[in-house]
Amino acid sequence: MQWTDIDRIAAGLAEKHPAAEPLKVDFLDLRDRVAGLSGFSGDPTRVNMRILESIQLAWLDRMGMG
């Protein structure tokens, strides 16, 4: 899984962090949570704010909060 796999990442975050409130997770923490997902092989230093925001919004949607 890479940074552009937004939906797969969001699903993984929703499963691993079911009690989290995605909009309260800062982008550095989000980057670290994504890097810690099983099957993620992207380079944590090669992500930008636009991708992190897309992940955050997709995660929010998965949690039924969007």
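Okay, here's what the table says:
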{"item": "Complete set of residues in the stretch 28-65 that are touching a helix residue (DSSP H, G or I) at 6+ places or on another chain (Cβ under 7 Å), surrounded by 15 or more Cβ atoms within 10 Å (Cβ to Cβ) and either assigned to a loop (DSSP other than H, G, I, E, B) or of a type in the set (Phe, Trp, Tyr) (or both)", "result": "Leu37, Phe40, Val47, Trp59, Met63"}
{"item": "Qualifying positions in the stretch 39-53 - farther than 14 Å from Asp5 by Cβ and of a type in the set (Lys, Arg)", "result": "Arg50"}
{"item": "Pairs where the first residue, in the stretch 17-35, is touching a residue at least 40 places away in the same chain (Cβ under 8 Å) and the second is aliphatic (A, V, I, L, M), C-beta under 6 Å, 6+ apart", "result": "Pro22/Leu60"}
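Rule-based calculations on the coordinates, nothing more; no lab input. None of the values given here were measured: they were computed from a predicted structure. With ideal geometry, Cβ positions are generated from the backbone for all residues, glycine too; neighbour counts draw on all protein chains shown.
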